[in-house]
Each structure stands twice: as structure tokens, then as C-alpha cells.
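The values are calculated or read from the model by the stated rules, or taken from the named source; none is laboratory data. All of these numbers come straight from a predicted model, not from anything done at the bench. Every residue, glycine among them, receives a Cβ derived from its backbone with ideal geometry; neighbour counts consider all protein chains shown. Just so you know, the surface numbers come from the protein's heavy atoms only, side chains and all, with ligands and any DNA or RNA stripped out. Shrake-Rupley method; radii C 1.70, N 1.55, O 1.52, S 1.80 Å.
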Amino acid sequence: ELAHKLGEKVAVCLAGSGVQELAQELLTYGVDSVYIYDYPELEHFRIEPYTGIAVHLVEEINPNIILMGATPIGRSLAPRVAARLRTGLTADCTVLDVKENGDLVQIRPAFGGDVMAQIVTPRHRPQMATVRHKVMMPAERVEPTGKIVRCEADAKLLQSKIEIVSFRPH
């Protein structure tokens, strides 16, 4: 709805391992492009590679607005991406709208929920927000018309100083 108001396209970044089927499914929700970073190194979420990939894509496609879920991963990833892009971030939005000039109107509870703060970021792009779960109506499925774009990631982008350790009881 926001993209439609602005006459812009909807793009999704999908990072992981074996995510082709998920990309196909995303197209059925009316997105214009699904950018895939599909690497075995991305099987488990690690903050450094995922941050690097998000920043890499943003620098490639230059979006006006970036939205992430206010999930544990989104709350970890979004501030790091915003910091690297030197832009602002509004967390836990419950309502979003856009002005004709492209400014994202971000509304979120403040002061323990007693006040609804309205935040606009007029001088920085991209504008970023995390959105609370289930505050928006799910998109309806449509006949897919979008495209899947396979993205190449430099090997350095996929590296992490965090090791995945499996603990198995003996």
C-alpha cells in the first residue's frame, strides 16, 4: 500500500540457504522483486553476514524505505543496518503511512503506551522502521508478476567471527 501510494516498487531481500521456494512464494504476495542471497554459510542467522548483505543490497538498489519485522532478529539486525547506512530507525511501529513527498510517517507507542509518537525522517534516506507483528493486514495472494534476482556476495561478506556450536548430550 505504501509503495502504491508513492508509485514505487516493492523489493524483498531474502537471505539464507535453500531459499528458492520461499522466493517463489513471496512473489505470490505481489512483490516486484525478490533479491536472493542463497549460500550455505547463511543457513543460521549470524549478525555480521546478514548485516553486510542487507547493506550491500541497499547500496545496490537505493530504496526510499526499508521495513523489517520487530522480531528478535529484526530488532537485532535493523539498528546495525541503520548505523552502517547512517540513517535513522524507528522501532516497533504500529502504524505506517507516507506523505506525497516520500516521507514515511512512523507511528509508535511512547511513554508506556500513553502517547502515540509520530516520527518523520525528512533529511535521511533510506527511512527505516521495524513493524510490530500482526498490526497490518496480510497481503492477499495474487498471480505472480515479479522477478527473482540472484545476488552475488563476496566471500568476505559471508564470514563471521561467531562460530556455530552444536551441543549434543552424551
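Observations on the structure shown:
- Within region 61-100, considering residues that are assigned to a loop (DSSP other than H, G, I, E, B) and either charged (D, E, K, R) or without any contact (Cβ under 8 Å) to a residue 12 or more places away in the chain (or both), the one least open to solvent (accessible area, probe 1.4 Å): 99
- Test: residue in region 2-14 that is at pLDDT below 95, part of a helix (DSSP H, G or I) and open to solvent by less than 30 Å² (accessible area, probe 1.4 Å): yes
- So residue 23, is it open to solvent by less than 60 Å² (accessible area, probe 1.4 Å), without any contact (Cβ under 8 Å) to a residue 60 or more places away in the chain and either part of a helix (DSSP H, G or I) or over 27 Å from residue 142 (Cβ atoms) (or both): no
- Matching entry among 105, 142 (being over 16 Å from the mean Cα position of the chain (by Cα), surrounded by 12 or more Cβ atoms within 10 Å (Cβ to Cβ) and assigned to a strand (DSSP E or B)): 105
- First in region 32-49 and of a type in the set (Gly, Ala, Ser), second anywhere and in a strand (DSSP E or B), Cβ under 6 Å, 6 or more apart: 33/11; 33/147; 33/149
- Pair list, Cβ < 6 Å and 6+ apart or interchain, from region 136-150 residues that are within 11 Å of residue 33 (Cβ to Cβ) and modelled with pLDDT under 90 to residues that are of a type in the set (A, V, I, L, M) and open to solvent by 100 Å² or more (accessible area, probe 1.4 Å): none
- Qualifying residues in region 26-60 (those that are aromatic (Phe, Trp, Tyr) and buried (at least 18 other Cβ atoms within 10 Å of the Cβ)) - the one farthest from residue 3 (Cα to Cα): 39
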